[in-house]
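**Student:** Got a structure for you, questions after.
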Amino acid sequence: MKLIGYPLLTILVLASLLSVGVVMAGNDDGDNVEIGIEYIMDYAPLGIWWIPNLDNTGLDAQGWYNVLGNQGFTPVFNNGNQSADESHFERSDDADWADNVDFAYFAGHGNSTGFLFATNNPNHLASYDQMTLGDQDLEWLFVSACSVLQYSTRWQWCNIFASYGLHGMTGFDTSMPDTPTLGSLFAYYLTGTNGFPLRSIGDAWKHATIDDIDDGDIYAAILCRAQYDPVTGILTFNYYDEQMPGYGSGMYPDPDPMFIGNYYYENWACED
């Protein structure tokens with residue numbers, strides 16, 4: 001099995017109070033709901049044996065993109081291999097790319113500090129210390145790559161959340177297989193299409209990873225905004241439960257920029 005990465009347990013992160021309002025069906029810029037994808041398949045030009053080429057990341061990302069596009073989401077960018085770039089997710093250029101859409105999906109290699117753009121240089125990495133997402137338009141970042149959201153570095157990933165805007169991200173605590181179908185399964189659950197039941201964003205990622213991978217040694221993960229009772233510390237509001245715009249109860253309002261925010265992290269074994 002080819003793994004998308006290289007060289008367990010659930011946690012609730014309690015920080016300062018997060019202010020949220022009632023559930024609503026869309027909350028950022030009032031425009032069409034935009035989507036974008038980037039993926040990397042070809043890592044071989046430098047002949048580095050520990051960053052193997054991938055066969056299925058294009059199918060993975062494009063499956064998600066196509067299903068949502070067919071449901072009326074607005075496709076904005078579809079960048080693969082040489083057209084994909086780490087700067088598209090970093091503070092320097094994200095306003096034109098990842099932070100210029102509502103939902104972005106990346107498929108490729110990853111590690112505990114970021115995801116890789118290694119077609120030209122193995123040090124090309126979109127890392128958590130170079131990203132601040134959600135200060136423009138992005139609501140969720142979906143990452144199909146090894147070890148992005150690894151348990152040991154879960155706190156650092158909170159750093160990519162702007163003080164408001166970004167609602168959450170998905171990823172993996174461990175390595176994951178090079179799969180062609182995760183993205184489309186995820187999108188089916190997000191939209192309740194192709195015979196799949198409609199799920200919240202968090203449950204859609206959970207069910208898609210379990211259905212697609214079915215391996216108890218592989219753990220998927222999610223990190224998102226949340227609200228806790230300031231006295232008891234009990235979780236009272238979780239962005240894990242929001243749904244895509246136009247589906248079910250829809251999206252929650254953006255986190256109030258006056259507050260740093262609370263976070264919820266969960267991981268699970270990818271097996272029934």
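**Student:** From 184, 152, 163, which residue is of a type in the set (S, T, N, Q), over 12 Å from the mean Cα position of the chain (by Cα) and assigned to a loop (DSSP other than H, G, I, E, B)?
**Tutor:** Of the residues listed, the single one that is of a type in the set (S, T, N, Q), over 12 Å from the mean Cα position of the chain (by Cα) and assigned to a loop (DSSP other than H, G, I, E, B) is 163.
**Student:** Kindly provide the set of residues from the range 85-94 that are open to solvent by 30 Å² or more (accessible area, probe 1.4 Å) and of a type in the set (Ser, Thr, Tyr), ordered by number.
**Tutor:** 92
**Student:** Okay, moving on. Residue 249: open to solvent by 20 Å² or more (accessible area, probe 1.4 Å) and polar (S, T, N, Q), yes or no?
**Tutor:** Working: open to solvent by 20 Å² or more (accessible area, probe 1.4 Å): yes; polar (S, T, N, Q): yes.
Answer is yes for this residue.
**Student:** Hey, another quick one. Which residues, taken from the range 189-238, are among the aromatic types (Phe, Trp, Tyr), assigned to a strand (DSSP E or B) and over 19 Å from the mean Cα position of the chain (by Cα)?
**Tutor:** Matches in the range 189-238: 228, 237.
**Student:** Moving on. For the range 109-147, give me the residue count where each residue is closer than 20 Å to residue 35 by Cβ, assigned to a loop (DSSP other than H, G, I, E, B) and at pLDDT 90 or above.
**Tutor:** The qualifying residues number 8.
**Student:** The conditions are (1) open to solvent by less than 10 Å² (accessible area, probe 1.4 Å); (2) within 17 Å of residue 166 (Cβ to Cβ); (3) within 16 Å of the chain's Cα centre (by Cα), and residue 241 fails exactly one of them. Which is it?
**Tutor:** (1)
Every residue, every condition in (1) open to solvent by 20 Å² or more (accessible area, probe 1.4 Å); (2) in contact with a Lys or Arg (Cβ under 8 Å, 6 or more places away or on another chain); (3) modelled with pLDDT of 95 or more, yes or no:
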{"site": "47", "(1), (2), (3)": "yes, no, no"}
{"site": "53", "(1), (2), (3)": "yes, no, no"}
{"site": "56", "(1), (2), (3)": "yes, no, yes"}
{"site": "60", "(1), (2), (3)": "no, no, yes"}
{"site": "69", "(1), (2), (3)": "yes, no, yes"}
{"site": "74", "(1), (2), (3)": "yes, no, yes"}
{"site": "83", "(1), (2), (3)": "yes, no, no"}
{"site": "96", "(1), (2), (3)": "yes, no, yes"}
{"site": "101", "(1), (2), (3)": "no, no, yes"}
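**Student:** Go through the range 75-95 and report how many residues are among the small types (Gly, Ala, Ser) and under 25 Å from residue 52 (Cα atoms). Write out each step before concluding.
**Tutor:** Going through the range 75-95, the residues among the small types (Gly, Ala, Ser) turn out to be 80, 83-84, 87, 92, 95.
Next, only the ones that are under 25 Å from residue 52 (Cα atoms) stay: 80, 83-84, 87.
The total comes to 4.
**Student:** Taking the condition of being touching a Leu at 6+ places or on another chain (Cβ under 9 Å) and either among the polar types (S, T, N, Q) or open to solvent by 10 Å² or more (accessible area, probe 1.4 Å) (or both), how many residues in the range 160-172 meet it?
**Tutor:** Residues meeting the conditions: 2.
**Student:** Working only within the range 176-213, note down all residues that are open to solvent by 40 Å² or more (accessible area, probe 1.4 Å) and either of a type in the set (Ser, Thr, Tyr) or over 30 Å from residue 52 (Cα atoms) (or both).
**Tutor:** Scanning the range 176-213 gives 181, 188, 194, 195, 196, 197, 198, 199, 203.
**Student:** Continuing with the same structure: Taking the stated definitions as given, is residue 31 modelled with pLDDT of 65 or more and farther than 25 Å from residue 159 by Cβ?
**Tutor:** Values: modelled with pLDDT of 65 or more: no; farther than 25 Å from residue 159 by Cβ: yes.
Here the answer is no, as residue 31 does not meet what is asked.
**Student:** Please identify the pairs in which a residue from the range 115-141 that is at positive phi has its Cβ atom under 8 Å from the Cβ atom of a residue that is among the hydroxyl-bearing types (Ser, Thr, Tyr) and at pLDDT below 95, counting only partners at least 6 apart or on another chain.
**Tutor:** These pairs meet every condition: 134/164.
**Student:** Of everything in the range 219-238 that's buried (at least 22 other Cβ atoms within 10 Å of the Cβ) and hydrophobic (A, V, I, L, M, F, W, C), which residue is nearest to residue 156 (Cα to Cα)?
**Tutor:** 223
The values are calculated or read from the model by the stated rules, or taken from the named source; none is laboratory data. Here the structure is a predicted model, which is why all the values come from computation and not from measurement. Heads up, the Cβs are rebuilt from the backbone with ideal geometry, glycines too, and the neighbour counts pull from every protein chain shown. The accessibility values were calculated without ligands, DNA or RNA, using every heavy atom of the protein model including side chains. Shrake-Rupley method; radii C 1.70, N 1.55, O 1.52, S 1.80 Å.
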